[in-house]
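Read the structure below first, then the notes.
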Amino acid sequence: MSRLWKWSKRIALCLILLVAVLLAPVAYVETMCRQTTTPQRYASILPAKDHRPVTRTFMTYPEWHIVHAYEDYAEVIREGDPHEFGYLSSIRGFWSSLCTLSETSHSYGEIDTPTKQMVYVIGVSFSAELALKALYEETIGRLFAGLRGADHAPTDKLSARHASNYAEFLQQVPWYKWRFREDAEELGTVNSDTLRDKERRLALGLEYKAKAAYADVIAQAVAGTGADQLTLRMIVANGSRAKLESYDNVKIIETVKQGIVIETPRYRALTKILQMMSSDGLNFVEIAGNNNILFTAISENGDLDRSIASMQRQGFDDYRHLIVVEVTELAEQLRQLKQSGIILEHIHDY
């Protein structure tokens, strides 16, 4: 009985330490990543019902950091192995970028509590997931990869395809809608009984099933609270109604003194629409009642003067830059990117 009590205390202590480690970055961001500057005031043109908080343009990046992490992971294992991915580097990138963005956002207003809580929850979940994956892939996974040899096993190739498809899926659709169970079933169809294939079927099968169960919980929670809006409104200048009607998924709402009010999809689709409009010479006056917006761009140079943060992408020989601009300057900035050979990655709406 005393031995059982000792082990119970040890397990409890380990759990407490684990929780403390996972929550330490949250405490750091909350206490150290703040500014005392007075928020900028902006008199919006669009009515209040079309507004979204300006600070959300900064708080959407942490979610996309996770999307990018899966994209990097897919690129690494396309030719390499999971143990070659920098799991801890990706975790560190999440929290360091969140710190920078939290500091920046204070110049525009307070981050609302639900958004802040959501970012912390996904950050802790992401950190726990990658830490567990690192623990396995750096030990048992590395061992079986070494026993396999240089050539990928069939399940290695299949898991690389799964990772690539998943990364592409996340560009527009929430992660919890992915078909994890189908991926697990497909692993079982691989007709190979090498040690590596057996290990991959077991390890990845358990991972996919765990994610599927967690996704069910998140899906139910979202269904209970309601999903976020899928569209937003903005004002576009120097564009005709005929030109705006030529874009897919763009709805004209009304004409105002400053330009034409339109409604567009959000997320990845919005990036493509804004990129096309800027290439066509259109300019933006206001987006979702805001005059500032964040976007990310990719370049071969690790330093970009106007970026608030830069980081190297794993699996790629280039860098991601986080850039904040005024909405009225966004179109010209996008045109300059194209001319300079810098690739627009994503425009972060609200």
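Being farther than 18 Å from residue 49 by Cα and surrounded by fewer than 18 Cβ atoms within 10 Å (Cβ to Cβ): is that true of residue 249 here?
Numbers: farther than 18 Å from residue 49 by Cα: yes; surrounded by fewer than 18 Cβ atoms within 10 Å (Cβ to Cβ): yes.
In short, yes.
Residue 58 - would you say it is surrounded by 21 or more Cβ atoms within 10 Å (Cβ to Cβ), under 27 Å from residue 21 (Cα atoms) and in contact with a strand residue (DSSP E or B) (Cβ under 6 Å, 6 or more places away or on another chain)? The answer is yes for residue 58. Being surrounded by 14 or more Cβ atoms within 10 Å (Cβ to Cβ) and under 21 Å from the mean Cα position of the chain (by Cα) is a property that residue 121 lacks.
Taking the condition of being within 21 Å of the chain's Cα centre (by Cα) and open to solvent by less than 70 Å² (accessible area, probe 1.4 Å), how many residues in the range 171-212 meet it? Steps first, please.
Taking the range 171-212 and keeping what is within 21 Å of the chain's Cα centre (by Cα), we get 171-180, 207-208, 210-212.
Applying the additional criterion that residues be open to solvent by less than 70 Å² (accessible area, probe 1.4 Å) yields 171, 173-174, 176, 178, 180, 207-208, 210-212.
Result for the range 171-212: 11.
If I go through the range 141-170 residue by residue, how many of them are assigned to a helix (DSSP H, G or I) and open to solvent by 80 Å² or more (accessible area, probe 1.4 Å)?
Initial filter on the range 141-170 (assigned to a helix (DSSP H, G or I)): 141-148, 154-169.
Right, trim to open to solvent by 80 Å² or more (accessible area, probe 1.4 Å) and you get 142-143, 147, 157, 161, 168.
Adding up the residues that qualify gives 6.
Scanning the range 81-133 for residues that are part of a loop (DSSP other than H, G, I, E, B) and over 25 Å from residue 35 (Cα atoms) returns 81, 85, 86.
For the range 101-114, a tally of residues being of a type in the set (Val, Ile, Thr) and either surrounded by 16 or more Cβ atoms within 10 Å (Cβ to Cβ) or in contact with a Gly (Cβ under 6 Å, 6 or more places away or on another chain) (or both) returns 2.
The values are calculated or read from the model by the stated rules, or taken from the named source; none is laboratory data. Remember, it's a predicted structure, so these values are computed and weren't measured experimentally. Cβ sites come from the backbone with ideal geometry, for glycine too, and all protein chains shown count toward neighbours. Areas reflect the complete protein model, heavy atoms only, side chains present, ligands, DNA and RNA absent. Shrake-Rupley method; radii C 1.70, N 1.55, O 1.52, S 1.80 Å.
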